[in-house]
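What follows is a short report on a single structure.
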Amino acid sequence: MHLVNENIPASAWINKVIKPEEYEHYLVDGKDFIDDEKIWQQIEASQEPSLERVREILAKSYAIKTLDPEELATLIKVKEPAVWQEIFEMAARIKHKIYDNRIITFAPVYCSNHCVNNCLYCGFRSDNTHEKRERLNMEQIKAEAEAIAGRIGHKRVIAVFGEHPDSDADYIADAIKSIYSVSVKTRKGHSEIRRVNINAAPLCVDDLRKLHEVGIGTYQVFQETYHHATYGKLHPANTIKGNYQWRLYVHHRAYAAGIDDVAIGCLFGLYDWRFDLMGLLYHAIELEQRFGVGPHTISFPRLTPASNSPLFELADQQKYFVSDEDFKKIVALLRLAVPYTGLIITAREKKEVRDDVLPVGCTQTDASTMIGIGGYAKNAGCQNIDEQQFMLGDTRSLEELIYDLAQRGVITSFCTAGYRCGRTGDQIMDLLKKGQEKHFCKLNAILTYREWLDDFASEKTRKAGEEVIRKEIEEVKKQTPSIFSKKLYDLTMSYYERISNGERDLFI
Amino acid sequence: MANEISLFDLERLSNSYQIRIWQCRKLGRRWSFIDGAGPEKVLPSQLVYEEGDLGFFVQAESFDEASLVDELKKLVKKSICC
């Protein structure tokens with residue numbers, strides 16, 4: 001008998017956690033919204049489109065309208081490099097139209113790698129006896145937050161938890177409260193984590209309410225792959241993750257619990273990338289249609305070697321691995337398909353890849369990343385495969401990333417203003433769809449960048465950053481009063497002055 | 001925990017003061033949107049009234065803040081009584 005810990009049989013625990021009544025009512029004739037056959041038909045039915053047809057679809061996307069699955073399938077069929085170039089350019093324009101020239105940064109905090117699942121691609125899987133298992137207590141979690149906020153300067157984190165009775169909703173809620181409780185004195189002011197996003201197992205509505213009540217940011221759960229048969233193959237049926245629909249409908253339950261922002265994603269490389277890209281779009285459309293609010297962000301990690309993971313040994317799996325060229329297409333097509341949604345690229349990817357795909361649509365990234373349990377407080381400078389879920393491709397510090405972005409004229413934003421004044425959920429979605437959110441983002445990026453430069457930057461980065469700020473303020477001035485009222489401009493400048501004098505957390 | 005006021009009342013306040021107004025619930029360190037009325041404006045968001053964990057934010061060039069707060073107080077009180 002398989003045990004989830006020394007006392008609890010796995011089957012009993014799974015039956016206790018999964019509540020079929022919380023997802024079965026969403027099914028139509030017993031089926032979920034991912035129709036494998038239909039998706040393949042759409043992909044295979046599409047012919048290579050004419051340039052005229054491609055441009056029609058791009059125009060729809062530029063008008064900030066979610067694409068239909070048939071339209072995405074059509075773009076997938078493009079073969080001509082020159083047409084792809086046009087697609088990349090439009091993706092970059094859309095990104096700029098909605099989000100301006102800014103990148104939001106965050107840090108992942110791995111709180112526990114105890115896991116009852118046995119996913120064939122994951123270093124945390126229960127059969128991996130090489131993995132060192134750790135679960136941080138609240139003091140250790142605070143130490144992580146202190147290091148992230150006080151030493152690196154991030155203002156938002158995503159806390160990550162394995163699926164295990166030891167990391168249940170109460171533990172996650174306590175972790176959120178612990179992270180929010182930290183404030184660290186800095187060179188000129190103070191620093192704290194202002195937004196705690198969560199990546200955790202699918203929970204039931206009552207448990208999700210607990211996270212809502214303590215101020216969860218975005219609740220992120222990846223489907224891994226949308227292809228039913230592949231999902232079944234990679235997630236053994238006797239594990240809790242083996243239930244495809246319990247996972248697929250977790251964002252529905254999150255909305256039912258009152259959570260404003262949810263995030264979807266899948267792990268590219270488990271199945272054919274074209275199918276999973278379509279799956280992500282179907283998922284976004286389902287959330288939009290049912291709740292009026294699509295996903296706040298979409299993640300699209302690529303499979304990377306994990307410690308002792310049998311999947312990498314399977315020869316027939318390698319046909320699904322995603323090349324750099326296809327990866328760029330995935331990012332650009334996501335930008336076009338769901339234009340209002342944030343796209344997250346992580347430090348799994350090498351610097352060269354991140355540099356290449358950031359402009360075609362990404363809005364968020366991580367830096368100074370540690371994915372070992374307790375890695376920030378330990379200040380472990382190197383990666384240890386026996387303590388990680390996967391290997392990182394880019395180990396740049398936040399300082400290095402900010403400097404590199406500044407050289408390209410990109411402003412790094414630490415803005416969490418939406419959470420300071422309730423611009424969340426359908427409110428922010430509405431602003432994004434109208435292309436208005438970027439105006440707030442622009443001003444808040446300037447203010448939070450100033451904070452970071454004063455508190456954490458080296459002289460070299462401060463100089464590079466101040467040049468970016470100078471240009472940004474110049475642009476704002478030019479757009480006053482046509483976009484920004486005189487009152488708003490004056491207020492921003494007075495906040496800027498106050499921040500320079502050590503005040504913190506001022507926002508528009 | 002204070003009760004929310006109705007969308008109908010938010011729309012009435014939005015029209016009468018020519019403002020964008022929305023109500024939020026305070027959760028930990030953050031505010032969570034409930035609902036709101038009036039067109040979005042690229043203007044600062046101002047927290048005008050808090051009752052328990054309920055907060056009201058406004059975007060406007062100018063408005064009679066004292067009068068609005070007075071109305072909000074009455075509406076929140078009414079929603080608690082009901």
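Points to keep in mind about this one:
- Selection count where residues are polar (S, T, N, Q) and free of Cβ contacts under 8 Å to residues at least 12 places away in the same chain, scope region A:37-58: 2
- Some residue of region A:208-226 being on the phi > 0 side of the Ramachandran plot and not in a strand (DSSP E or B): yes
- Just one of the listed residues (B:Val42, B:Val69, B:Val58) is open to solvent by less than 40 Å² (accessible area, probe 1.4 Å), out of contact with any Lys or Arg (no Cβ under 6 Å at 6 or more places or on another chain) and in a helix (DSSP H, G or I), namely B:Val69.
- Residues located in region A:205-219, provided they are open to solvent by 10 Å² or more (accessible area, probe 1.4 Å) and either under 23 Å from A:Asp505 (Cα atoms) or hydrophobic (A, V, I, L, M, F, W, C) (or both): A:Val205, A:His212, A:Glu213, A:Val214
- Checking each residue in region A:89-99 for being surrounded by fewer than 21 Cβ atoms within 10 Å (Cβ to Cβ) and either over 30 Å from A:Ile473 (Cβ atoms) or of a type outside the set (A, V, I, L, M) (or both) picks out A:Glu89, A:Arg93, A:His96, A:Lys97.
- Members of region A:222-267 that are surrounded by 21 or more Cβ atoms within 10 Å (Cβ to Cβ), within 20 Å of A:Ala175 (Cα to Cα) and in contact with a Lys or Arg (Cβ under 9 Å, 6 or more places away or on another chain): A:Ile259
- From the list A:Glu134, A:Glu48, A:Glu86, A:Glu52, the one residue that fits, being surrounded by fewer than 21 Cβ atoms within 10 Å (Cβ to Cβ) and under 28 Å from A:Lys233 (Cα atoms), is A:Glu134.
- Candidate set from region B:1-35 (those that are of a type in the set (Gly, Ala, Ser) and open to solvent by less than 20 Å² (accessible area, probe 1.4 Å)); member that is nearest to the other protein chains (Cβ to nearest Cβ): B:Ser32
- Hits in region A:398-440 - residues which are polar (S, T, N, Q) and either out of contact with any Leu (no Cβ under 9 Å at 6 or more places or on another chain) or assigned to a loop (DSSP other than H, G, I, E, B) (or both): A:Gln407, A:Ser413, A:Thr416, A:Thr424, A:Gln427, A:Gln436
- In this entry, A:Leu333 passes the filter for residues that are open to solvent by less than 40 Å² (accessible area, probe 1.4 Å), assigned by TED's automatic domain parsing to the domain that holds A:Glu400 and either farther than 28 Å from A:Arg195 by Cβ or in contact (Cβ under 8 Å) with a residue 40 or more places away in the chain (or both).
- Residue check, A:Met391 part of a loop (DSSP other than H, G, I, E, B) and either open to solvent by 30 Å² or more (accessible area, probe 1.4 Å) or within 11 Å of chain B (Cβ to nearest Cβ) (or both): yes
- Residues in region B:53-82 that are within 14 Å of chain A (Cβ to nearest Cβ) and small (Gly, Ala, Ser): 3 in all.
Residue by residue, here is whether (1) in the same structural domain as A:Val182 (by TED's automatic domain parsing); (2) under 21 Å from A:Arg335 (Cβ atoms); (3) within 21 Å of the chain's Cα centre (by Cα) holds:
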{"site": "A:Tyr219", "(1), (2), (3)": "yes, no, yes"}
{"site": "A:Ala237", "(1), (2), (3)": "yes, no, no"}
{"site": "A:Ile264", "(1), (2), (3)": "yes, yes, yes"}
{"site": "A:Gly269", "(1), (2), (3)": "yes, yes, yes"}
{"site": "A:Gly279", "(1), (2), (3)": "yes, yes, yes"}
{"site": "A:Ile298", "(1), (2), (3)": "yes, yes, yes"}
{"site": "A:Arg302", "(1), (2), (3)": "yes, yes, yes"}
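- Filtered residues of region A:297-321 (kept if more than 13 Å from A:Cys266 (Cα to Cα), in a loop (DSSP other than H, G, I, E, B) and either of a type in the set (A, V, I, L, M, F, W, C) or open to solvent by 30 Å² or more (accessible area, probe 1.4 Å) (or both)): A:Pro305, A:Ala306, A:Asn308, A:Leu314, A:Phe321
- Pairs, first closer than 11 Å to A:Arg253 by Cα and in a loop (DSSP other than H, G, I, E, B) in region A:17-36, second open to solvent by 30 Å² or more (accessible area, probe 1.4 Å) and not β-branched (Val, Ile, Thr), C-beta under 8 Å, six or more apart: A:Tyr23/A:Gln245
Condition check ((1) surrounded by 16 or more Cβ atoms within 10 Å (Cβ to Cβ); (2) out of contact with any Cys (no Cβ under 9 Å at 6 or more places or on another chain); (3) of a type in the set (A, V, I, L, M, F, W, C); (4) in contact (Cβ under 8 Å) with a residue 60 or more places away in the chain) across all residues:
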site	(1), (2), (3), (4)
A:Asp404	yes, yes, no, no
A:Lys433	yes, yes, no, yes
A:Lys460	no, yes, no, no
A:Glu467	no, yes, no, yes
A:Ile473	yes, yes, yes, no
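- Residue match in region A:484-497 (condition: within 14 Å of another protein chain (Cβ to nearest Cβ), outside any helix (DSSP H, G or I) and among the small types (Gly, Ala, Ser)): yes
- Only a single criterion out of (1) under 23 Å from A:Val360 (Cα atoms); (2) buried (at least 24 other Cβ atoms within 10 Å of the Cβ) is not satisfied by A:Tyr110, namely (1).
- Qualifying residue in region A:282-293 (condition: in a helix (DSSP H, G or I), open to solvent by less than 20 Å² (accessible area, probe 1.4 Å) and either touching a strand residue (DSSP E or B) at 6+ places or on another chain (Cβ under 6 Å) or in contact (Cβ under 8 Å) with a residue 40 or more places away in the chain (or both)): yes
- Across region A:219-246, the qualifying residues are those that are touching a strand residue (DSSP E or B) at 6+ places or on another chain (Cβ under 8 Å) and without any contact (Cβ under 8 Å) to a residue 60 or more places away in the chain, and the one among them that is farthest from A:Tyr320 (Cα to Cα) is A:Tyr219.
The values are calculated or read from the model by the stated rules, or taken from the named source; none is laboratory data. Everything numeric here is computed off the predicted structure, so don't read it as measured data. Positions of Cβ are generated from backbone atoms using ideal geometry, with glycine treated the same way; all protein chains shown enter the neighbour counts. For accessibility, only protein heavy atoms count, side chains too; no ligands or nucleic acids. Shrake-Rupley method; radii C 1.70, N 1.55, O 1.52, S 1.80 Å.
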